Amino acid sequence: MKKKLGSLLLAFTLIMPLILVGCSSDKKTGDKATQNKELTVGFIYVGPVGDEGYTYSHDMGRKELEKQLGVKTLYKESVKEDLAEVEKVCEEMINQGANVIVGTSFGFMDGMAASAAKHPDVKYLHASGYKTSVNMSNYFGRIYQARYLSGIVAGMKTKTNKIGYVAAFPIPEVIRGINAFTLGVQSVNPKAIVKVKWTNTWYDPAREKEAGKALIAEKVDVMAQHQDTAGPLQAAEEAGISAIGYNTDMKAKAPKAYMTSPIWNWAPYYIEQVKAIQAGTWKSGSYWKGLESGVVNLAPLTKNAPTGAAGAVAKAKADILSGKNKIFVGPLRDQTGAVKIAKGKVMTDAELLQFNWFVKGIEGKIAK
């Protein structure tokens with residue numbers, strides 16, 4: 001998920017708890033108009049399709065949508081998170097025949113909302129935001145569940161009990177992922193700590209690799225990341241340590257270091273939504289599903305993963321799917337040792353969507 005800081009993040013923090021995540025409104029619009037003409041789905045990307053990470057994963061979903069349903073698609077990559085620019089791209093796509101528009105970054109929200117207000121017969125699907133309207137939905141996945149599973153792999157692999165984590169921006173989504181990863185680590189290795197370095201980037205291979213190198217200098221022997229590039233993986237490969245990627249299966253980028261990745265598969269969501277639009281049953285709403293949906297998962301473990309990790313991951317995944325393991329369950333303490341979540345209490349979606357503190361066992365500060 002891509003974010004702008006400042007006012008956008010403040011609005012997100014204040015408004016997101018009001019959304020009933022995973023529920024749909026009962027509003028429908030433009031269904032007859034959409035049914036009566038061929039669908040063209042336009043995708044707006046924040047990065048290049050060749051990033052082999054976040055944007056690449058969305059583009060794989062787009063291609064699968066074409067393959068499965070035969071709809072026409074078009075896309076524009078590396079679009080700035082700017083209201084006027086996004087609205088302009090929406091207009092260009094509509095002029096090319098798009099009657100469904102997908103925006104894959106948080107910073108696209110306001111531009112998409114403005115366009116949606118002007119074009120009630122066009123459907124808008126926005127990744128990671130909080131705004132909805134009669135013809136605009138938002139969507140994301142519970143990738144933190146897969147991050148917890150990857151933490152189990154890291155916790156079993158480390159020998160120094162020092163694990164590095166190269167992180168993008170200090171926003172709730174990223175913080176939530178780091179915390180879930182750390183809880184996964186601690187579930188198999190209570191002595192391990194997770195060291196965090198911020199880059200304040202989504203896609204900057206050189207800067208993200210340098211952050212990885214900085215963590216390696218602090219003697220970490222396993223690297224994890226929330227970035228769209230393989231920079232941290234490549235730093236790990238060069239240093240001879242182990243690593244966990246993100247977004248896609250990145251084993252080709254660091255074959256000696258790579259163990260697994262929390263990954264996205266957007267095809268199930270895109271296919272589900274377009275089928276509903278074609279059938280005239282589409283409703284706007286908010287979508288936030290996890291491992292059960294197939295939208296998020298953990299990539300297959302490579303031979304670099306520790307012995308026993310596959311079994312431990314399989315058991316934890318089954319417990320998450322059954323509801324036995326809800327991950328964020330008290331007692332949970334912050335970095336100072338203060339109890340933030342009481343024993344037995346499960347964090348609500350509203351609390352997860354506002355995460356602004358690190359669990360005990362993480363070294364690093366959250367910039368305000």
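The values are calculated or read from the model by the stated rules, or taken from the named source; none is laboratory data. Being a predicted model, the structure only gives us computed values, none of them experimental. Virtual Cβ from ideal backbone geometry, glycine too; neighbours counted across all protein chains shown. Side chains included, ligands, DNA and RNA excluded: accessible areas come from the protein's heavy atoms. Shrake-Rupley method; radii C 1.70, N 1.55, O 1.52, S 1.80 Å.
In table form, for the structure just shown:
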| quantity | calculated |
| --- | --- |
| Residue satisfying all of: in region 119-157; open to solvent by less than 10 Å² (accessible area, probe 1.4 Å) and among the hydroxyl-bearing types (Ser, Thr, Tyr); farthest from Val295 (Cα to Cα) among these | Tyr124 |
| Residues (at pLDDT 95 or above and in a loop (DSSP other than H, G, I, E, B)) located in region 336-354 | Thr336, Gly337, Ala338, Ala342, Lys343, Gly344, Lys345, Met347, Thr348 |
| Region 171-207, subset part of a helix (DSSP H, G or I) and more than 23 Å from Gly155 (Cβ to Cβ), residue most open to solvent (accessible area, probe 1.4 Å) | Arg207 |
| Criterion (on the phi < 0 side of the Ramachandran plot, out of contact with any helix residue (DSSP H, G or I) (no Cβ under 8 Å at 6 or more places or on another chain) and of a type in the set (S, T, N, Q)) met by exactly one of Ser150, Ser105, Ser115 | Ser105 |
| Hits in region 350-368 - residues which are open to solvent by 50 Å² or more (accessible area, probe 1.4 Å) and under 20 Å from Glu173 (Cβ atoms) | Glu351, Gln354, Asn356, Lys365, Ala367, Lys368 |
| Within region 250-294, tally of residues that are open to solvent by 50 Å² or more (accessible area, probe 1.4 Å), touching a residue at least 24 places away in the same chain (Cβ under 8 Å) and within 26 Å of Leu353 (Cα to Cα) | 4 |
| Hey, Asn247 within 21 Å of Glu173 (Cα to Cα), of a type outside the set (Asp, Glu) and open to solvent by 60 Å² or more (accessible area, probe 1.4 Å) or not | no |
| Of all residues making up region 279-335, the number that are more than 15 Å from Tyr269 (Cα to Cα), among the hydrophobic types (A, V, I, L, M, F, W, C) and not in a strand (DSSP E or B) | 15 |
| Odd one out for Glu92 among (1) in contact with a Lys or Arg (Cβ under 6 Å, 6 or more places away or on another chain); (2) surrounded by fewer than 19 Cβ atoms within 10 Å (Cβ to Cβ) | (1) |
| Positions within region 298-331 being closer than 20 Å to Ala257 by Cα, touching a strand residue (DSSP E or B) at 6+ places or on another chain (Cβ under 9 Å) and open to solvent by less than 60 Å² (accessible area, probe 1.4 Å), in sequence order | Leu298, Ala299, Leu301, Thr302, Asn304, Ala305, Pro306, Ala309, Val313 |
| Residues that are over 19 Å from the mean Cα position of the chain (by Cα) and hydrophobic (A, V, I, L, M, F, W, C), drawn from region 348-365 | Val359, Ile362 |
| Region 215-232 residues that are surrounded by fewer than 24 Cβ atoms within 10 Å (Cβ to Cβ), paired with ones that are in a helix (DSSP H, G or I) and of a type outside the set (S, T, N, Q) (beta carbon under 6 Å, 6 or more apart) | Ile216/Ala239 |
| Conditions (1) in a strand (DSSP E or B); (2) open to solvent by 60 Å² or more (accessible area, probe 1.4 Å): number failed by Gly42 | (2) |
| Qualifying residue in region 222-235 (condition: touching a Leu at 6+ places or on another chain (Cβ under 6 Å), small (Gly, Ala, Ser) and more than 25 Å from Glu81 (Cβ to Cβ)) | no |
| Residue in region 45-58 that is at positive phi and either open to solvent by 10 Å² or more (accessible area, probe 1.4 Å) or within 24 Å of the chain's Cα centre (by Cα) (or both) present | yes |
| Every residue from region 139-170 that is under 12 Å from the mean Cα position of the chain (by Cα) and either assigned to a helix (DSSP H, G or I) or farther than 20 Å from Asn297 by Cβ (or both) | Ile143, Tyr144, Gln145, Ala146, Arg147, Ala168 |
| Residue check for Gly61: under 17 Å from Tyr287 (Cβ atoms), out of contact with any strand residue (DSSP E or B) (no Cβ under 7 Å at 6 or more places or on another chain) and assigned to a helix (DSSP H, G or I) | yes |
